[in-house]
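Below is one structure, written out as structure tokens, with a few remarks after it.
Each value in this text was obtained by applying a stated rule to the coordinates, not by laboratory testing. Note that this is a predicted model, so its numbers are computed, not measured. Every residue, glycine among them, receives a Cβ derived from its backbone with ideal geometry; neighbour counts consider all protein chains shown.
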Amino acid sequence: MASEPVPVPLSKVDSAVDDTMGTSPIEKKISHRRTSSTASNVFNINDLEQQKVELQIAPETQKLGWKLNSSPSSIDDKEVLKKPLCTPMVKKIDLHFPLGLEVTARNLKGVTIKDALDAIHKQFKKKQDDELDAPYLAGFEWDPSECYTKFIVHQKKDSGGQAQTSSKKSKKKNASGDGE
């Protein structure tokens, strides 16, 4: 009994056949699970290196006068903390200290100045002031000839203008000095 093939098109979709005609454009865009955690104008540092893109470090980092072992929230100008560390914005950047210590600042929506300061503070928060040779942040340097994916952290001995008197020790010292 040989039956002839029926020339009627199939009405059911076979799962083994790639039929992209029926999917909406929104479903085509979503190729992985977490699309909301990354921003569109944020790049991977390695991709920028391959494209030989120049990075610009935010100049505000040089004027902070921030002490490495104090919390970044102690900085008076909170708006500076929200600014991107560099342009174009990157997902992560390695911060290299001259003595060899290296920390990584990460943020999938773009590394901000606060992200970099948080990463540095995490390493230095348990250090006392007298343990640090140069306790203040002087700024960051980017030398693509040495290493494209790292910023060099510069430190200085004094705050350079903005004095931060919000530490608990200085308040206690002033309170005990006045009471005598």
- [ ] Just check the range 42-162 against the gyration tensor rule for me: Cα atoms, a ≥ b ≥ c as the square roots of the eigenvalues, rounded for a/c under 1.5, and otherwise prolate or oblate depending on whether a/b exceeds b/c.
- [x] prolate
Task: Simple Cβ-charge dipole of the range 42-162, Lys/Arg +1 and Asp/Glu -1, about Cα centre, in debye nearest 20 - done: 440 debye
Task: Over the range 42-162, relative contact order from alpha-carbon pairs under 8 Å, at least 6 apart, % - done: 32 percent
Task: Among the listed pairs Lys122/Lys150; Lys52/Lys78; Lys109/Lys156, those beyond 28 Å (Cα-Cα) - done: Lys52/Lys78; Lys109/Lys156
- [ ] May I ask you to evaluate 6.51 cos²θ - 1.76 cosθ + 1.60, the Karplus curve with θ = phi - 60°, for each residue of the range 145-156 and list the ³J(HN,Hα) values in order in whole Hz, giving x for glycine and proline?
- [x] 6, 7, 7, 5, 8, 10, 9, 8, 8, 9, 10, 9
Task: In order through the range 66-83: 3J(HN,Hα) via Karplus (6.51 cos²θ - 1.76 cosθ + 1.60), integer Hz, x for Gly, Pro - done: 8, 8, 4, 9, 9, 5, x, 6, 6, 6, 5, 8, 5, 5, 5, 5, 7, 6
TODO: Would you mind putting 93-104, 108-119 in packing order, based on average other-beta-carbon counts within 10 Å, highest first?
DONE: 108-119, 93-104
